[in-house]
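What follows is a single structure, written as structure tokens, with notes after it.
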Amino acid sequence: RSLTPRQQQFELGSEHLRETMLLSFHAALLAKAIARACGVCNGTDAFTAAMFHDLGRTLTIHYLADDYEEIVQRARDRGSDEITESRSVLGIAFHELGMVVGREWRLSESILDCMRPLPRGVLAAPASREEALRLCIAAASALSRLLAESPTDAECESRIADLLDRVGSVLGLDAAMLDAALA
């Protein structure tokens, strides 16, 4: 049976969609290892929640490809970030879109909360297991993304060190634990 052009597009997907799906899987593996290493949970919950972390971005890439390209271009041109630019272009940030759709799909509040990005600025120690899980997932997602985006080893090492400085002390994550998660 032959596929319609829309079915072919869905089956093949775009390069951005395939990359985002791979990054989600990579982030889920990292989140599982980081959460386990930090004693947050057994890792299965972290893996599952991390798979949904970028739901809003994934849906935008697939269903609103032109808007996604505009968001990426605006972020690049303005030295901004995709959260700011997704709000400008879509009227909603990627993670907020994911949370709206996730609610319609009846995902748990814990999974929805884990769609939030890593907060900007200095991080406070998590007050609950759920908050620690959210930080593990956000850190794993940020780490996965920076590994994919860093053009040089030196830049990658510097960005990993910066991320570890931000999240390490609040999660009890050190360089050896991170290296083990990455392995």
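When all C-alpha to C-alpha distances in region 107-183 are sorted into bins of 5 Å, what percent of pairs does each bin hold, rounded to whole numbers?
The distribution over region 107-183 is 3, 15, 25, 26, 17, 9, 3, 1, given as percents.
Counting only trypsin sites (Lys or Arg not before Pro) that are in a DSSP loop and have at most 11 other C-beta atoms within 10 Å, tell me the longest site-free stretch of the chain.
2-105
Taking only DSSP H segments of four or more residues, each worth -39500 (n - 2.57), what value at 222 nm results for the chain once the sum is divided by all its residues, to the nearest 500 deg cm²/dmol?
On the way: 11 runs with 136 residues, N = 183.
Result for the chain, helices only: -23500 deg cm²/dmol.
Does region 63-159 come out rounded, prolate or oblate by the C-alpha gyration tensor, with a ≥ b ≥ c the root eigenvalues, rounded set by a/c under 1.5 and, if not, prolate when a/b is larger than b/c and oblate if not? If you can, show how the numbers build up before the last one.
On the way: a/c = 2.04, a/b = 1.09, b/c = 1.87.
Oblate.
Taking the chain as the reference, fit the longest principal axis to its C-alpha atoms, fit the long axis of helix 153-171 to the helix C-alpha atoms, and give the angle between the two in degrees, 0 to 90, nearest 10.
With rounding to tens, the tilt is 60 degrees.
How are the alpha carbon pair distances in the chain distributed across 5 Å bins from zero to the largest one, expressed in percent?
1, 8, 15, 20, 20, 16, 11, 5, 2, 1, 0, 0
Name the residues of region 15-51 whose amide N is less than 16 Å from a point 7 angstrom out from the Cα of residue 176 along the C-beta direction?
37-39
Just so you know, all these numbers are worked out from the coordinates, no wet-lab data involved. Please read all numbers here as calculations on a predicted model, not as lab measurements. A quick note on method: Cβ atoms are made from the backbone with ideal geometry, for glycine too, and the neighbour counts reach across all protein chains shown.
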